[in-house]
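So the structure is just underneath, and the comments pick up after that.
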Amino acid sequence: MDTQSTKIKPEEIKIEIINEEYDVQDFTSYEKELVDFLRQDALGNQKQRLSVTFLWFYERKLVSYITLLNDKINLESDLKEFFREKGIHYKSLPALKIGRLCVDDRFLRRGLGRLMILTAIKIAQEMSKTRSGCRFITLDVKRSQDPERDPLPFYKKMGFQIFREQKTGPTSMYLDLQFIEEA
Ligand SMILES: CC(C)(COP(=O)(O)OP(=O)(O)OC[C@H]1O[C@@H](n2cnc3c(N)ncnc32)[C@H](O)[C@@H]1OP(=O)(O)O)[C@@H](O)C(=O)NCCC(=O)NCCS
């Protein structure tokens, strides 16, 4: 069996919140900005209470990470109308933001990206039930000219919708948790 293409199962993953004990220097990605964030900023941001970074380990190796923080969606045009029709008249609605998400180059297309999104959904669902309101998951997608490396189709597959088309810069996307089954 070709183990390199086998999907990694949730029970094979250990998730830890970043701290000084973990060596993140060996993490590799073609998205250099995401490697630099993990090496240089993730721990500092955590200490400043700006974000929480979850390290994912498989067979004791660091294979991916996801960084979460709070966000809000300012309701404009279509979305404003959509919520008005439902009797919701607030100017903004609460969200959980995926600040960073990255799979090590050596573990791409083995299901880790999907599992990390499902985990973020679960966190947002639990939070909004028992702790603090949260209607959306948001993220900003850095587009790539290389179709193999463009993450947009991945996020569309996971149910995210484009929030605002940008001519330059990242594409903002959101997932409305009201239409997602309980994880
Ligand atoms: C985008 C990324 C997180 C996807 O993670 P992954 O673990 O390789 O993706 P998965 O194996 O979980 O894929 C889930 C599904 O999305 C598809 N998919 C993954 N990447 C894709 C891409 N670039 N284009 C099209 N489809 C893609 C997979 O084929 C799979 O489809 P299936 O369910 O029909 O089999 C990963 O490519 C990555 O970390 N890239 C570098 C950093 C990056 O771009 N991060 C996003 C910043 S905005």
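The values are calculated or read from the model by the stated rules, or taken from the named source; none is laboratory data. Because the structure is predicted, anything quoted here is derived from the model rather than measured. Here the Cβ positions follow ideal geometry from the backbone for every residue, glycine too, while neighbour counts run over all protein chains shown.
Structure data summary
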{"quantity": "Count - residues of segment 152-173 that are surrounded by 14 or more Cβ atoms within 10 Å (Cβ to Cβ), in contact with a helix residue (DSSP H, G or I) (Cβ under 9 Å, 6 or more places away or on another chain) and either free of Cβ contacts under 8 Å to residues at least 24 places away in the same chain or not in a loop (DSSP other than H, G, I, E, B) (or both)", "calculated": "8"}
{"quantity": "Segment 174-183, residues that are assigned to a loop (DSSP other than H, G, I, E, B), in contact (Cβ under 8 Å) with a residue 40 or more places away in the chain and out of contact with any Leu (no Cβ under 7 Å at 6 or more places or on another chain)", "calculated": "Ile180, Glu182"}
{"quantity": "Leu43, sole failed condition from (1) surrounded by 14 or more Cβ atoms within 10 Å (Cβ to Cβ); (2) within 15 Å of the ligand (Cβ to nearest atom); (3) farther than 23 Å from Leu175 by Cα", "calculated": "(2)"}
{"quantity": "Candidate set: segment 83-142, residues that are among the small types (Gly, Ala, Ser) and assigned to a loop (DSSP other than H, G, I, E, B); chosen: the one nearest to the ligand (Cβ to nearest atom)", "calculated": "Gly111"}
{"quantity": "The one condition in (1) surrounded by fewer than 16 Cβ atoms within 10 Å (Cβ to Cβ); (2) within 16 Å of the ligand (Cβ to nearest atom) that Leu55 fails to fulfil", "calculated": "(1)"}
{"quantity": "Residue list for segment 37-55, filter: of a type in the set (A, V, I, L, M, F, W, C) and out of contact with any strand residue (DSSP E or B) (no Cβ under 7 Å at 6 or more places or on another chain)", "calculated": "Leu43"}
{"quantity": "Residues (over 16 Å from Trp56 (Cβ atoms) and surrounded by 14 or more Cβ atoms within 10 Å (Cβ to Cβ)) located in segment 108-141", "calculated": "Ala124, Gln125, Met127, Ser128, Cys134, Arg135, Phe136, Ile137, Thr138, Leu139, Asp140, Val141"}
{"quantity": "Hey, Tyr65 within 14 Å of the ligand (Cβ to nearest atom), closer than 24 Å to Ser172 by Cα and not hydrophobic (A, V, I, L, M, F, W, C) or not", "calculated": "yes"}
{"quantity": "Residue match in segment 31-39 (condition: over 19 Å from the mean Cα position of the chain (by Cα), at pLDDT 95 or above and in a loop (DSSP other than H, G, I, E, B))", "calculated": "no"}
{"quantity": "Within segment 64-121, tally of residues that are free of Cβ contacts under 8 Å to residues at least 12 places away in the same chain and either among the small types (Gly, Ala, Ser) or in contact with a Pro (Cβ under 9 Å, 6 or more places away or on another chain) (or both)", "calculated": "2"}
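To keep it simple, each residue is scored yes or no on (1) modelled with pLDDT of 95 or more; (2) more than 19 Å from Tyr174 (Cβ to Cβ).
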site	(1), (2)
Asn74	no, no
Glu81	no, no
Lys97	yes, no
Arg106	yes, yes
Lys122	yes, no
Ser132	yes, no
Arg135	yes, no
Gln145	no, yes
Met158	yes, no
